[in-house]
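Each remark here refers to the structure printed beneath this line.
The values are calculated or read from the model by the stated rules, or taken from the named source; none is laboratory data. No experiment lies behind these values; they were computed from the predicted model shown. Cβ coordinates were reconstructed from backbone atoms using ideal geometry, including for glycine residues, and neighbour counts include every protein chain displayed.
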Amino acid sequence: MRKKEEKYRVVKRKVKYPRLELRTGELVVVAPRDGDFDVPAFVAKHRDWINGKQFLIKKYSRQSVVLRQPALAKEELRTKIKDYWSQLKLSSTGAPSRVIIKKMKSKWGSCSSNKILSFNLLLCHLPDNMIKYIVTHECCHLKHRKHDHNFKLLLSKFYKRPARFEAKLFGYWFALSTAPA
């Protein structure tokens, strides 16, 4: 039996490490500009992760997540993020150097190596418990950059079952990305 040919788009950027992104179902391989990079081998290596995410995308794209939450203003969102950060009491990580709220194409949030926390403007449409989870997740990255064992241990101090929040966020992502503008 022949394996199904995986469709993906390759984007070369000034990045140190390659990564995979699923933008509303489209697989994007973000690869370093410099040097030779074996994209098919990278995709094959991460096949289980891709299959798992594609399964969730199919599952949640079929389910309609009703957004009853009135959108917050950007400054209200900024205040909530600051409040949630201060409630975490992660003093050993140090405070974020900056908090940015902007339109993001494929993420709810990110944490840079310079401790800059960026949050997707779409958070304005999420319920408070989802916003708090995303802020907590990104603040945990201030201490542990990767989603490694130590990161998961730290996050589990705040959320016993983070996978439930991640699954709900998939649903919200599809509801918001397919909603009329």
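Can you tell which of Val30, Val43 is at pLDDT 85 or above, in contact with an Asp or Glu (Cβ under 7 Å, 6 or more places away or on another chain) and in a helix (DSSP H, G or I)?
Details: Val30 fails: in a helix (DSSP H, G or I).
Result: Val43 is the single residue among Val30, Val43 that is at pLDDT 85 or above, in contact with an Asp or Glu (Cβ under 7 Å, 6 or more places away or on another chain) and in a helix (DSSP H, G or I).
Has region 150-157 got at least one residue that is surrounded by 12 or more Cβ atoms within 10 Å (Cβ to Cβ) and in contact (Cβ under 8 Å) with a residue 12 or more places away in the chain? Yes, the conditions are met somewhere in region 150-157.
Residues checked against (1) at pLDDT 90 or above; (2) assigned to a helix (DSSP H, G or I); (3) in the same structural domain as Arg78 (by TED's automatic domain parsing):
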| residue | (1), (2), (3) |
| --- | --- |
| Ser113 | no, no, yes |
| Ile134 | yes, yes, yes |
| Lys146 | yes, no, yes |
| Phe165 | yes, yes, yes |
| Leu169 | no, yes, yes |
| Trp173 | no, yes, yes |
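Criterion applied to Ser61, Ser86, Ser92 was being at pLDDT below 85, assigned to a helix (DSSP H, G or I) and in contact with a helix residue (DSSP H, G or I) (Cβ under 9 Å, 6 or more places away or on another chain), and the one residue passing it is Ser61.
Yes or no: Met104 among the aliphatic types (A, V, I, L, M), under 22 Å from Glu21 (Cβ atoms) and part of a helix (DSSP H, G or I)?
Working: among the aliphatic types (A, V, I, L, M): yes; under 22 Å from Glu21 (Cβ atoms): yes; part of a helix (DSSP H, G or I): no.
Here the answer is no, as Met104 does not meet what is asked.
Only one of Lys152, Lys160, Lys146 is within 17 Å of Pro96 (Cα to Cα), out of contact with any Phe, Trp or Tyr (no Cβ under 9 Å at 6 or more places or on another chain) and of a type outside the set (Val, Ile, Thr). Can you tell me which? Lay out the reasoning, then the answer.
On the way: Lys152 fails: within 17 Å of Pro96 (Cα to Cα); Lys160 fails: within 17 Å of Pro96 (Cα to Cα).
That would be Lys146, the only listed residue that is within 17 Å of Pro96 (Cα to Cα), out of contact with any Phe, Trp or Tyr (no Cβ under 9 Å at 6 or more places or on another chain) and of a type outside the set (Val, Ile, Thr).
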